[in-house]
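In what follows, a single structure is set out as structure tokens and then discussed.
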Amino acid sequence: MKKLIWLAALPLLAACGNAATDAPTTAKAVAEKVASEARAPFDFAALPAGTYTDEDGHAYIQFSYDHQGFSKPILRWSEFEATVDYNPEDPSASKLTVVIPVDSIDSMVPAFDEHLRGEDFFNAAAFPEIRFESTSMTVNPDGSGTITGDLTVKDITKPITFDGQLNKIGKHFRSGKDMFGISGTGSLKRSDYGVGKYAPNVGDEVDLVMEVEFQKD
């Protein structure tokens, strides 16, 4: 009897195609949609206008890439300056500037850091800074949006767009300073900026992740 039930079910399973494979993806999409819809709109006017800078100790820029298919190393910049000129009446008119000292690259392997600072890659002696200046933003009521701007590496400037999410607006629990926090992601081809050594054996596409808390000056 059980065998007959399974045989009867086979056409139905075939009609479903890859339903079992697609289910996790569908569930994830639904969860993300529900989370987005549940996110309350931000009161952007509650954050005063002015200049906000990254708060030391709670600001991170990391990047990763494929290393011959064996791993995805995670590197970071241990120092950078990020500034937002905030406009509460029209958050999309705000401006973000980021300046990164190339020497602050940190792979947690000192010899590799020196290689990355050298002429094969970033050539820090000739090009000591990486710079990003926003040119436009989109900001949705729930804090999601995009940041488009000019990224300059080794005197090569190209437009790039990051996805962003405003996490919270409020005051620091000890200092009382006005602050907000954002999460951002993006990707680029390192060869576009003159840092393409060993591609494609070492992946050309670089994934970026940013987590930054900003405080009002």
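Quick notes on this structure:
- A straight line joining the Cα centroids of the range 123-196 and the range 64-122 runs 10 Å.
- Counting beta carbons within 10 Å around each of SER183, SER175 and listing the fewest first gives the order SER175, SER183.
- Computed about the Cα centre, the dipole magnitude for the range 119-208 is approximately 420 debye when only Lys and Arg (+1) and Asp and Glu (-1) carry charge, each at its Cβ.
- Aspartates and glutamates with Cα under 15 Å of LYS171, excluding same-chain neighbours fewer than 8 positions away: ASP43, ASP54, GLU55, GLU213, ASP217
- Gain on full stretching of the segment that runs from ASP155 to PHE70 - 0.36 nm per residue minus C-alpha separation: 27.4 nm
- In terms of surrounding Cβ atoms within a 10 Å radius of their Cβ, ARG190, ARG76, ARG131 rank from fewest to most as ARG131, ARG76, ARG190.
- Charge dipole magnitude, Cβ of K and R +1, D and E -1 - the range 84-146, Cα centre, debye nearest 20: 80 debye
Just so you know, all these numbers are worked out from the coordinates, no wet-lab data involved. Source: prediction; values computed, not measured. Here Cβ is always computed from backbone atoms with ideal geometry, including for glycine, and neighbour counts include all displayed protein chains.
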